[in-house]
Amino acid sequence: MLISRLRLITFDVTGTLLKFRSSPSQQYGEIGAMYGILCDNNTLSANFKAHWRKMTKEHPNFGLHTGLGWERWWNMVVKGTFKDSKYDLDDKKLDAVASHLIEVYKSSACWQPCYGVKDLLSYIRSKGVAMGVISNFDPRLHSILMNMKLRHFFQLVLTSYDVGMEKPDPRIFQEAMFISKLKNLVPEECLHIGDKALLDYSGAKASGWNAVLIDDRQAALIQNKYPDVDPAHVFSSLYDLHKHFVETSNDKISSHTL
């Protein structure tokens, strides 16, 4: 995959550009403790996953189309997680916990860059290729990228909530091409990079784009689960993808901090 043939490269966020500093259950437990709510982390973890799945099924895209709205969506996830972990909790106190968590997840207190992010973004920018973000996320993503000092790398940031559709819907990839304002851009000149085979890799490929999957599992395991994924387009980290771009472009590796 030659970077010289690409005009637009987009990234997923969670698990691709950024990762959690600590698990949601640990973060929930720490914030809950600040309000006098003490819960077992394992119980919080199980309940968080259950409520995430429930809310995603009943109110997809953070409640956009069911009228719930993303803030109330998250409020219900937080309150449900704690209520199923500990009985007789005060609703007002849980509202305060939910508001605190909604705010803190905008900050670098909860996020850190994945391995190789800034070097890869700097390299792509040096090649004159436009970059963007396509993520199934709520509107806080704009603040998160600013707070993580990554927003300036991207010409466009599309969240599923803002555009009204989620990956792997081809329309979100088409919207990215339109918003990029790159003249005569065609899908074959676009690349999407993400860590979810069905949402990121398959979604991009179905839209005619190039796709890269970031996954540190063995190639055989990935192929068994996702036979449509080309092993040549799977990289264990953004560092390895950066290395691939440099090597296939005949650049000097030492000049790109690898």
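The values are calculated or read from the model by the stated rules, or taken from the named source; none is laboratory data. This is a predicted model, so every value here is computed, not measured. Here the Cβ positions follow ideal geometry from the backbone for every residue, glycine too, while neighbour counts run over all protein chains shown.
Would you pick out the residues in the stretch 225-242 that are assigned to a helix (DSSP H, G or I) and crowded, with 18+ Cβ neighbours inside 10 Å? Please lay out each step first, then the result.
Filtering the stretch 225-242 for residues assigned to a helix (DSSP H, G or I) gives 225, 231-233, 238-242.
Answer for the stretch 225-242, where residues must be assigned to a helix (DSSP H, G or I) and crowded, with 18+ Cβ neighbours inside 10 Å: LEU238, LEU241, HIS242.
Might you check whether a residue that is closer than 30 Å to GLU71 by Cβ and assigned to a helix (DSSP H, G or I) occurs anywhere in the stretch 203-224? Yes: the stretch 203-224 contains one or more residues that are closer than 30 Å to GLU71 by Cβ and assigned to a helix (DSSP H, G or I).
Applying the selection to the stretch 1-43, what residues are part of a helix (DSSP H, G or I), out of contact with any helix residue (DSSP H, G or I) (no Cβ under 8 Å at 6 or more places or on another chain) and under 24 Å from SER107 (Cα atoms)? Spell out the reasoning first.
Our first condition is that a residue be part of a helix (DSSP H, G or I); within the stretch 1-43, this holds for 3-5, 24-34, 41-43.
Then drop every residue that is not out of contact with any helix residue (DSSP H, G or I) (no Cβ under 8 Å at 6 or more places or on another chain), which leaves 4, 30, 33, 43.
Selection gives GLU30, ALA33.
Selection within the stretch 209-221: residues that are touching a strand residue (DSSP E or B) at 6+ places or on another chain (Cβ under 7 Å) and modelled with pLDDT of 90 or more. The member of this set that is nearest to PHE173 (Cα to Cα) is TRP209.
With respect to the conditions (1) surrounded by 16 or more Cβ atoms within 10 Å (Cβ to Cβ); (2) free of Cβ contacts under 8 Å to residues at least 12 places away in the same chain, ASP88 lacks only one, and its number is (1).
Of all residues in the stretch 10-40, which are of a type in the set (Asp, Glu) and either at pLDDT below 95 or in the same structural domain as GLY128 (by TED's automatic domain parsing) (or both)? Those that are of a type in the set (Asp, Glu) and either at pLDDT below 95 or in the same structural domain as GLY128 (by TED's automatic domain parsing) (or both): ASP12, ASP40. In the stretch 177-217, of all residues being in contact with a Leu (Cβ under 8 Å, 6 or more places away or on another chain) and among the acidic types (Asp, Glu), the one that is surrounded by the most Cβ atoms within 10 Å (Cβ to Cβ) corresponds to ASP200. Within the set ALA98, ALA46, the sole residue that is in contact with a Lys or Arg (Cβ under 9 Å, 6 or more places away or on another chain) and assigned to a helix (DSSP H, G or I) turns out to be ALA98. Taking residues in the stretch 28-42 that are surrounded by 13 or more Cβ atoms within 10 Å (Cβ to Cβ), and partners anywhere that are of a type in the set (Lys, Arg) and assigned to a helix (DSSP H, G or I), the pairs with Cβ atoms closer than 8 Å and at least 6 places apart or on different chains are TYR35/LYS93; ILE37/LYS93. Applying a threshold of 8 Å to beta carbon distances and a minimum spacing of six or more residues, or different chains, the list of pairs starting in the stretch 53-66 at a residue that is outside the structural domain of LEU141 (by TED's automatic domain parsing) and under 17 Å from SER135 (Cα atoms) and ending at one that is of a type in the set (A, V, I, L, M) and in a helix (DSSP H, G or I) reads GLY63/MET55.
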